[in-house]
Amino acid sequence: MIQTIRKMQKLTNKEEEIMMVLWTKKKAFIKEVLAEFSTSKPHYNTMSTIVRNLENKGFVGHEAFGNTHRYFPMITKEAYRKKFINSTIADYYDNSYKSLVS
């Protein structure tokens, strides 16, 4: 994984949706990611821009096939979830899982 967990940024809702597709598929072209969106399907160029932003943030890598890229996650779903669950608990529940559950 390229980025360390400490430097990881929180993703936007749309970025998280895209990452969910990539975590499930392991590798996908933009068209394959778009096919997974049944409602509120973004335009191809918008999706491509979001995926490139994810790549710049270190969440996604790519393999080139001529002018086309196949994208894959660079960070695991578990690492992302752990980082932001832990920071949420620290920020809102004073590092107490007991407070979170109640």
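In what sequence, largest accessible area first, do Y44, Y71 appear using a 1.4 Å probe? Please list the in-between numbers first.
On the way: Y44 100, Y71 15 Å².
Sorted descending by solvent-accessible area, the residues read Y44, Y71.
What share of all Cα pairs of the stretch 5-70, in percent, falls into each consecutive 10 Å distance bin?
Reading the bins upward from 0: 19, 59, 20, 2.
Using the Karplus curve 6.51 cos²θ - 1.76 cosθ + 1.60 with θ = phi - 60°, work out ³J(HN,Hα) for each residue of the stretch 31-42 in order, rounded to whole Hz, and write x for Gly and Pro.
4, 5, 5, 4, 4, 7, 8, 8, 10, 6, 6, x
Give, in nm to one decimal, the length gained when the segment between Y44 and K10 is fully stretched (0.36 nm per residue of separation minus the Cα-Cα distance). Kindly include the intermediate steps, with their values, before the conclusion.
Working: separation 34, 0.36 × 34 = 12.24 nm, distance 2.34 nm.
9.9 nm is the gain from fully extending Y44 to K10.
The values are calculated or read from the model by the stated rules, or taken from the named source; none is laboratory data. Just so it is clear, the structure is predicted and the values come from calculations on it, not from any experiment. The protein model used for the area step is the full one, side chains on, heavy atoms only, and it has no ligands, DNA or RNA in it. Shrake-Rupley method; radii C 1.70, N 1.55, O 1.52, S 1.80 Å.
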